[in-house]
Amino acid sequence: MPEIRPEGRLFIGNKRYSSWSLRGWLAVRLAGLDVEEVVIRLEDVGGGAPTPAVRAATPAGLVPYLEHRGARIWESLAVAEYCAEIAPGLWPADRVLRAHARAIAAEMHAGFRGLRQAMPMNLGREFPGGGRNAESLADIARIEAIWREARAASGGPLLFGAEFGLADAMYAPVVTRFLTWQPEIAADTQGYCTAVRTHPLMARWYAEAAAEPASWLLDKYENPPGAAR
Ligand SMILES: N[C@@H](CCC(=O)N[C@@H](CS)C(=O)NCC(=O)O)C(=O)O
């Protein structure tokens, strides 16, 4: 029997904190790429500078970064599009729905800075009531509307029907932020969070995050400024 070898490498940050890595990882796993996973512990070197090991390993100094059969792909949305070339079913089959899915995925990739800054991802903690400011609440309202519109059109429970797709992958870290920071959200938003959280790949990512060494904990994410005390 010939040895089955991985077809490349996926560089990601550690799973407790790295929200963009979660997007790329979900796309790669949903597409079934046979790649080795290289997890880089994120560090706080000050001034918002990237982790030296991330900078050394990746073209843009950011994770996720995918090498697959000669292709080099960085930026989570580009990773998602690459995965969709291999597994086209990760976008909706219908042209109009596919355009909608791409639009909301791009909106996530380009925006929601208020939410991302006020409610950083931390899969091991709960900060109920924290992180609420005008910018994060406005982002949350827009995200609820996006999810509501997509699920109303598709019937849910995921954004474009029964299958977890690339639009869901782009919003999965938002779901984790909602579970950690527990903003006030509508019942249908909560329903979507449950549908995402219970997907087997999300369960796997959470379990692997929980297994990371305690020495990887970062004070800036464990004691974030916006946490209610
Ligand atoms: N726009 C990029 C953002 C990637 C990004 O900001 N990644 C963070 C981790 S979540 C990173 O690599 N930070 C470097 C560091 O913290 O050292 C993408 O979509 O992939």
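Take Lys220, Lys15 and sort them by solvent-accessible surface of the protein heavy atoms, 1.4 Å probe, largest at the top. Could the numbers behind the result be given before it?
On the way: Lys220 80, Lys15 10 Å².
So the residues, ranked largest to smallest area, are Lys220, Lys15.
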Query raised in the report: Any idea what the relative contact order of the chain is, in percent, if you count C-alpha pairs under 8 Å spaced at least 6 apart?
Result: 24 percent
Query raised in the report: Ignoring ligands and nucleic acids, what accessible area does Asp219 show with a 1.4 Å probe (Å², nearest 10)?
Result: 100 Å²
Query - the range 89-207, relative contact order [Cα under 8 Å, separation at least 6], % - result: 32 percent
Report summary line: With the charge dipole of the chain built from beta-carbon charges (+1 for Lys and Arg, -1 for Asp and Glu) about the Cα centre, the Cα from Asn223, Ala84, Ile104 projecting farthest to the positive end belongs to Asn223
Report summary line: Residues whose built amide H sits under 5 Å from the amide H of Gly13, excluding neighbours closer than 5 in sequence, are Ser21, Ile40
Report task. Using only Cα positions of the chain, each an equal point scatterer, no hydration layer, compute I(q)/I(0) via Debye at q = 0.08, 0.10, 0.14 Å⁻¹ and quote the log10 values to two decimals. Result -> -0.28, -0.44, -0.89
Requested in this report: Could you please state, rounded to a whole Å, how far the C-alpha centre of the range 102-139 is from the C-alpha centre of the range 1-54?
Outcome: 21 Å
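Looking only at the chain, where both bridge partners belong to it, what percent of the DSSP beta bridges are antiparallel (to the nearest 5)?
Values: 9 of 15 bridges.
Around 60 percent of the beta bridges assigned by DSSP in the chain are antiparallel ones.
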Report summary line: Most fluctuating of Asn122, Asn133, Asn14 in the GNM of the chain (C-alpha, under 10 Å) is Asn133
Query raised in the report: Want the number for Ala203 to Arg55: 0.36 nm per residue separation, take away the alpha-carbon distance, what's left?
Result: 50.4 nm
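Which percentage, to the nearest 5, of the DSSP beta bridges contained in the range 8-88 is antiparallel? The partial results should precede the final answer.
On the way: 8 of 14 bridges.
Approximately 55 percent, going by the DSSP bridge assignments.
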Query raised in the report: Along the range 23-31, what does the Karplus equation 6.51 cos²θ - 1.76 cosθ + 1.60 (θ = phi - 60°) give for ³J(HN,Hα), rounded to whole Hz, x for Gly and Pro?
Result: 4, x, 4, 4, 4, 5, 6, 5, 7
Query raised in the report: Tell me, what HN-Hα J-couplings in whole Hz come from the Karplus equation 6.51 cos²θ - 1.76 cosθ + 1.60 at θ = phi - 60° for each residue of the range 190-204, using x for Gly and Pro?
Result: 4, x, 5, 4, 5, 4, 6, 4, 8, 5, x, 5, 5, 4, 5
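Taking a probe of 1.4 Å, how large is the accessible area per residue of the range 8-88, in Å²?
On the way: 3300 Å² over 81 residues.
With the other protein chains kept in place, the range 8-88 gives 41 Å² per residue.
First compute the accessible area of the range 145-229 with a 1.4 Å probe, then give the percent of it belonging to carbon and sulfur atoms. Don't skip to the answer; put the middle values down first.
Numbers: 2090 of 3710 Å².
Ligands and nucleic acids excluded, carbon and sulfur give 56 percent.
Once every DSSP H run of n ≥ 4 in the chain is given -39500 (n - 2.57) and the sum is divided by its residues, what mean residue ellipticity at 222 nm do you get, rounded to the nearest 500 deg cm²/dmol? Spell out each step's value before the answer.
On the way: 10 runs with 115 residues, N = 229.
Calculated mean residue ellipticity at 222 nm is -15500 deg cm²/dmol.
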Report task. For Ser154, tell me the accessible area in Å² from a 1.4 Å probe, rounded to the nearest 10. Result -> 40 Å²
**Report entry** Protein accessible area in the range 8-88, 1.4 Å probe - carbon and sulfur %
**Finding:** 48 percent
Report task. Calculate one ³J(HN,Hα) per residue across the range 38-55 by plugging θ = phi - 60° into the Karplus curve 6.51 cos²θ - 1.76 cosθ + 1.60, and present them in order as whole Hz with x for glycine and proline. Result -> 10, 8, 9, 5, 6, 10, 10, 8, x, x, x, 6, x, 4, x, 5, 5, 4
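The values are calculated or read from the model by the stated rules, or taken from the named source; none is laboratory data. What you see is a predicted model; the values in this text were computed from it and never measured. Neighbour counts run over all protein chains shown; Cβ positions are idealised from the backbone, glycine included. Ligands, DNA and RNA are excluded from the accessible area calculation, which covers all protein heavy atoms including side chains. Shrake-Rupley method; radii C 1.70, N 1.55, O 1.52, S 1.80 Å.
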